[in-house]
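Reviewing the structure listed below.
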Amino acid sequence: MRVPVSWLRELCDPGWSVGEIAERLALSGTEVERITTLGPDSGEGFVIGRVSAAEQHPNADRLRVCTVEIGTGEPATIVCGAPNVAAGQTVAVARPGAVMPDGTKLRRAKLRGVVSDGMICSAAELDLGSDHDGIMVIASGEEPAPQPGTPLEEVIALGETVLELEITPNRSDCFGVWGVARELHAISGAPLAEAPWTLDADPTGPPVEAVASVRVEDPDLCPRYTARAFEEVTIEPSPRWLQQRLIAAGQRPISNVVDITNYVMLLTAQPLHAFDLDRVPGGEVIVRRARDGETMTTLDGVERSFETDTLLIADRERATGIGGIMGGQISEVSGETTRVLLEAANFDAVNILRTSSRLALRSEASTRFEKGLHPEMAIRGQRVASRLFTELCGATLRAGTLDVLATPIEPRRLTLRPTRTDALLGQATAPAEQATRLEALGFDVEDPGSGVLEVAVPYERAPDITREVDLIEEVARIGGLSDLPATLPAGGRIGGLTREQSLRRRAEDVLRDEGMGEVKTWTFTSVGEGERLGLAPSDPRSAPVLVANPLSEEGAAMRTTLVSGLLGAAALNHARRAGHVALFESGRIYLRDGEPSVPGSPLAGDFGGVDAPPALEVHRLGGVLSGERSADWRGAGAAGDGFYELKGIVEQLAAALEAELRFAPTSDHAFLWPGRAASVALADGRVIGWLGELHPRVASAHDLPGGSAFELDAAPLLAAARTGVEVFEPVSAMPSLVEDLAVVVAEDVSAETVTGAVRAGGGELVAAVGIFDLYRGEQLGEGRKSLAVRVEFRSTERTLTDAEVAERRAAIESELAEIGGTLRA
């Protein structure tokens, strides 16, 4: 955003130097990228010229010999190498003796045998822009243009100081010079000129409804469309002050009508567009979506094809412009125009951004609309432009305004607690001072005397100011953020890792030590990923949180599980001929309405007795194994199928954290192979995850040869870890007694059930229980298996006798009988 300092001072002049203005704006949040001065230091020797002829240079293919009228009677001969020079153009000419912005003094020169009496300048050569590709054309053909010989500084504001601002997306109001002036008024206290839209033009013509009409077919994409009609319009060059102001702001003057629309946009931030009313059949304007394959030639001369979500401005016969981006040639204002229909509308920011990106077409209008403008700003733009049309074009304004407003929007009203402001900023600011700062920014503030301030947000700040804390930020930045007291955090040590962070790092280190490589996959996924995994519609993981403005269909939702990204990463590795893939990820998943991340389990996390948030973030640990294992992976002789291998990794993770886990068969996960899947729970029974082998259907859908995966909620796992917590356990000086039991049970009885029965029967004398072998054979009978269980008995008070252990063994045998188990001899 280029803001000429003279224009800014006309609206608000604090009496500061340009450097101080830039510094104070930057400190209040409006960043000034650079301060530039337009053109050469002196305008002497720079004039307006008109090219009457441009002939090919006899001795150079890339040069032309131009005859240029410069107001001295005899035309000048100038050799020019610009590809766009042509007869009929009005251009900027530097005469011999002129000093260029880089300090070079221009002299008459002979170029390939032809004497050149000066130079036709480009914008870059005059330091008015960055365009080196061709000369700066002030006017061409039949366009109104200044007379040859006119001093260039009368047409272009040479020596004008310009602030180049970097406007953040939330401050669409500062895309207008008036918005920047109001910022300067608020931080300096200098008087602010009256708002330019305060006064409206007096209509002197008949009603506008007699010559024009507006129909908006898609109000979601066009919340407001206003139009006014002007007659007896005279197309001519704009006054010098208007042309100079536009050039200083980076715009090329064209004609009074077009220049007024650009001027009002630069002043108010509201884009406008002027139609030749005589070229709009029946005067009817239709705002609609594009028809499939519809085309139109835009003002830049390019024929463009549109998709059905593109918003077009059309008449009864064809499209005449792309809403909020660029008009079309069909209804362009020309030198013959006498009746103008002026559009000031409001368009959906997301749709403008999407259409602009798809068409690779950006304009000053689209830059503003895509940031979000309030519908009320449309009528403001109409008022300013209407006065200028009647003053500078001699136009007659027809009575009334065509105004199609989808839904009237009242000003947003917020409550500000001055005590809350003091608490957040760390210093006391009187309520009256807080109100004064907000009022300087255009807010309406009322003090009902109840200890709070009632604040009405101005329309142009509505996209940005939505909460009380936003008002507090305004109070702080206008008062001076640098003046806020600096305090160090109270309490103990600054920095370092929390216990949860340390344990999470330890868990990640364990998985790496187990031979798994860490990956980071996208948190975005497709809406249909749950279906690809085979999840039932009732499964909370099949209803993801949707992205409001996705970049693609593949990223239209937030992931509900880590397994999707891990399977994709594994497939990518296999496609690169990786024989064995072992990957893990530590990251967040996102769930709707606080649904549990594991079917049948409680929520991970405590919300203090209040309702769960609409979308819940859960940190998870997940991993995948896939492909043939080599002998050197995790040490020589790694063996076992995917389920047990992955179960061993999870057990190693639990052992490193000193957390006790329980495993039980599960069928809650459609993407795992039935009979080869287990739920993972803590010692208190809380389910925190799952592990198992991938269903062949799911593996095939992800281009995997097979594999196994796991996923665990990190928060409850780390909370249950004993690592890092000092726990006293008395050391027994008494010897232990170890017995190995062979337990025969049905095939569907889990090892977890068996060890639980052993612990229940052994009671407090059982110090440890572990399974070290599995046997199946004909002598056991069909559907039976034998588990070798090692039991360690110990007492902290005495040496156990054989009788005591035999009593406990009998109790264990009784508990095993309850689950259908027996002891083998």
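The values are calculated or read from the model by the stated rules, or taken from the named source; none is laboratory data. What you are looking at is a predicted structure, and each value in this text was computed from that prediction instead of being measured. Heads up, the Cβs are rebuilt from the backbone with ideal geometry, glycines too, and the neighbour counts pull from every protein chain shown. Side chains included, ligands, DNA and RNA excluded: accessible areas come from the protein's heavy atoms. Shrake-Rupley method; radii C 1.70, N 1.55, O 1.52, S 1.80 Å.
Key figures for this structure:
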item: Conditions (1) touching an Asp or Glu at 6+ places or on another chain (Cβ under 7 Å); (2) in contact (Cβ under 8 Å) with a residue 24 or more places away in the chain; number of the one not met by VAL452; result: (1)
item: Qualifying residue in region 519-542 (condition: among the basic types (Lys, Arg), open to solvent by less than 50 Å² (accessible area, probe 1.4 Å) and at pLDDT below 90); result: yes
item: Members of region 476-496 that are modelled with pLDDT of 85 or more and more than 13 Å from GLY426 (Cβ to Cβ); result: ARG477, ILE478, GLY480
item: Matching residues in region 566-590 - criterion: being under 23 Å from GLN501 (Cα atoms) and open to solvent by 20 Å² or more (accessible area, probe 1.4 Å); result: ARG588, TYR590
item: Qualifying residues in region 1-35 (those that are assigned to a helix (DSSP H, G or I) and either free of Cβ contacts under 8 Å to residues at least 12 places away in the same chain or basic (Lys, Arg) (or both)) - the one farthest from CYS121 (Cα to Cα); result: ARG24
item: Number of positions in region 253-289 that are closer than 18 Å to ILE352 by Cβ, open to solvent by 10 Å² or more (accessible area, probe 1.4 Å) and either part of a loop (DSSP other than H, G, I, E, B) or among the aromatic types (Phe, Trp, Tyr) (or both); result: 1
item: Looking only at region 125-134, and only at residues there that are surrounded by 15 or more Cβ atoms within 10 Å (Cβ to Cβ) and touching an Asp or Glu at 6+ places or on another chain (Cβ under 9 Å), the one that is modelled with the lowest pLDDT; result: ASP127
item: Hits in region 179-195 (condition: within 25 Å of PHE389 (Cα to Cα) and either assigned to a helix (DSSP H, G or I) or open to solvent by less than 20 Å² (accessible area, probe 1.4 Å) (or both)); result: GLY179, VAL180, ALA181
item: Residue count, region 451-474 (criterion: open to solvent by less than 40 Å² (accessible area, probe 1.4 Å) and over 28 Å from ALA378 (Cα atoms)); result: 3
item: Tally, over region 572-601, of residues that are under 29 Å from the mean Cα position of the chain (by Cα) and either of a type in the set (D, E, K, R) or modelled with pLDDT under 90 (or both); result: 9
item: Filter result for the condition that a residue is within 28 Å of GLU651 (Cα to Cα), under 60 Å from the mean Cα position of the chain (by Cα) and either at pLDDT below 90 or open to solvent by 60 Å² or more (accessible area, probe 1.4 Å) (or both), over GLU813, GLU764, GLU792; result: GLU764
item: Subset of region 206-250 (residues that are surrounded by fewer than 19 Cβ atoms within 10 Å (Cβ to Cβ) and either part of a helix (DSSP H, G or I) or without any contact (Cβ under 8 Å) to a residue 60 or more places away in the chain (or both)); result: GLU209, ALA210, ARG240, TRP241, LEU242
item: Residue match in region 548-571 (condition: over 16 Å from LEU694 (Cβ atoms), modelled with pLDDT of 85 or more, in contact with a helix residue (DSSP H, G or I) (Cβ under 8 Å, 6 or more places away or on another chain) and of a type in the set (Gly, Ala, Ser)); result: yes
item: Hey, ILE70 in contact with a Gly (Cβ under 8 Å, 6 or more places away or on another chain), crowded, with 22+ Cβ neighbours inside 10 Å and at pLDDT 90 or above or not; result: no
item: Tabulated pairs, region 696-714, first farther than 19 Å from HIS580 by Cβ, second part of a strand (DSSP E or B) and small (Gly, Ala, Ser), C-beta under 7 angstrom, 6+ apart or interchain; result: GLU711/GLY622; GLU711/GLY689; LEU712/GLY689; ASP713/GLY689
item: Among residues of region 137-178, those that are within 27 Å of ALA462 (Cβ to Cβ) and either surrounded by fewer than 21 Cβ atoms within 10 Å (Cβ to Cβ) or in contact with a Ser or Thr (Cβ under 8 Å, 6 or more places away or on another chain) (or both), counted; result: 12
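Residue-wise test of (1) acidic (Asp, Glu); (2) modelled with pLDDT of 90 or more; (3) within 20 Å of LEU621 (Cα to Cα).
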site: ALA683; (1), (2), (3): no, no, yes
site: ARG697; (1), (2), (3): no, yes, no
site: ALA701; (1), (2), (3): no, no, no
site: PRO716; (1), (2), (3): no, yes, yes
site: SER736; (1), (2), (3): no, no, no
site: GLU747; (1), (2), (3): yes, no, no
site: GLU752; (1), (2), (3): yes, no, no
